[in-house]
């Protein structure tokens, strides 16, 4: 599957830019069968996932991904592991995080997030 | 897919116990189409992956996974994100790490690691 690295890079740039600008706009990246596990809390489907992301207890956030690795999945999808740091609100100390995505194509050939798992990483 | 959480827990316990005891024995968990991306370096297939893991520049290692989250994949496989710490050789300071796995069943119905991505996380 040529091009999965470039596609992963484009996705990650788009995902965090959107998240940090207005995370409600991430809804279009999920579908009814998408899954999010955020700090152990599970959400199923684009509506529940968007609600969960919108409800997170901060107003401003800046993600700084420092490493991202991609591999093709068994279905021709893409699995991505991101590690990096994020800054929330006026907090000066960045938090380390890790996030795994699995991207799949929907029935119309558009990429969407099938699996999404997020964890803060404590040193 | 009932049971994927329990299966993920069993896999993670087995994987790190084996890694820390004698990591050459991880070979049986990979197949010819398995992929490893370790700190950005890619290996394809059980033989190359085992060689890569065996060549890592430490003798002793202890993994301490602190969080592990699992979701079913589109194919009935399992995707797992682990975050935790590891100690190498006589180094007293643990390193934070993150590792994503995708498990699939082979033609004989045995689970194996299709995707494996590892990154140290710097705070």
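Read-outs throughout are calculated quantities, based only on the coordinates presented, and are distinct from any laboratory measurement. From a predicted model like this one, the values you see are computed outputs, not experimental measurements. Here Cβ is always computed from backbone atoms with ideal geometry, including for glycine, and neighbour counts include all displayed protein chains.
Among the residues in the stretch A:45-52, are any away from chain B (no Cβ under 14 Å) and touching a helix residue (DSSP H, G or I) at 6+ places or on another chain (Cβ under 6 Å)? Looking for residues that are away from chain B (no Cβ under 14 Å) and touching a helix residue (DSSP H, G or I) at 6+ places or on another chain (Cβ under 6 Å), one finds at least one in the stretch A:45-52, hence yes.
Here's the yes/no breakdown for (1) within 21 Å of residue B:33 (Cα to Cα); (2) touching a residue at least 24 places away in the same chain (Cβ under 8 Å); (3) in contact with a strand residue (DSSP E or B) (Cβ under 9 Å, 6 or more places away or on another chain):
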position	(1), (2), (3)
A:76	yes, yes, yes
A:84	no, no, yes
A:97	no, yes, yes
A:103	yes, yes, yes
A:115	no, yes, yes
A:118	no, yes, yes
A:122	no, yes, yes
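Reported count of residues in the stretch A:49-76, each being under 15 Å from the mean Cα position of the chain (by Cα) and more than 16 Å from residue A:19 (Cα to Cα), is 5.
For every residue, the table says whether it meets (1) closer than 14 Å to residue A:97 by Cα; (2) at the interface with chain A (Cβ under 7 Å from one of its Cβ atoms); (3) in contact with a helix residue (DSSP H, G or I) (Cβ under 9 Å, 6 or more places away or on another chain).
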{"position": "B:55", "(1), (2), (3)": "no, no, no"}
{"position": "B:89", "(1), (2), (3)": "no, no, no"}
{"position": "B:101", "(1), (2), (3)": "no, no, yes"}
{"position": "B:104", "(1), (2), (3)": "no, yes, no"}
{"position": "B:123", "(1), (2), (3)": "yes, yes, no"}
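State which residue is surrounded by the fewest Cβ atoms within 10 Å (Cβ to Cβ) when the search covers only the stretch A:1-39 and only residues that are in a loop (DSSP other than H, G, I, E, B) and free of Cβ contacts under 8 Å to residues at least 24 places away in the same chain. Checked the stretch A:1-39; the qualifying residue surrounded by the fewest Cβ atoms within 10 Å (Cβ to Cβ) is A:2. Just one of the listed residues (B:95, B:26, B:81) is within 23 Å of residue B:5 (Cα to Cα) and at the interface with chain A (Cβ under 10 Å from one of its Cβ atoms), namely B:81.
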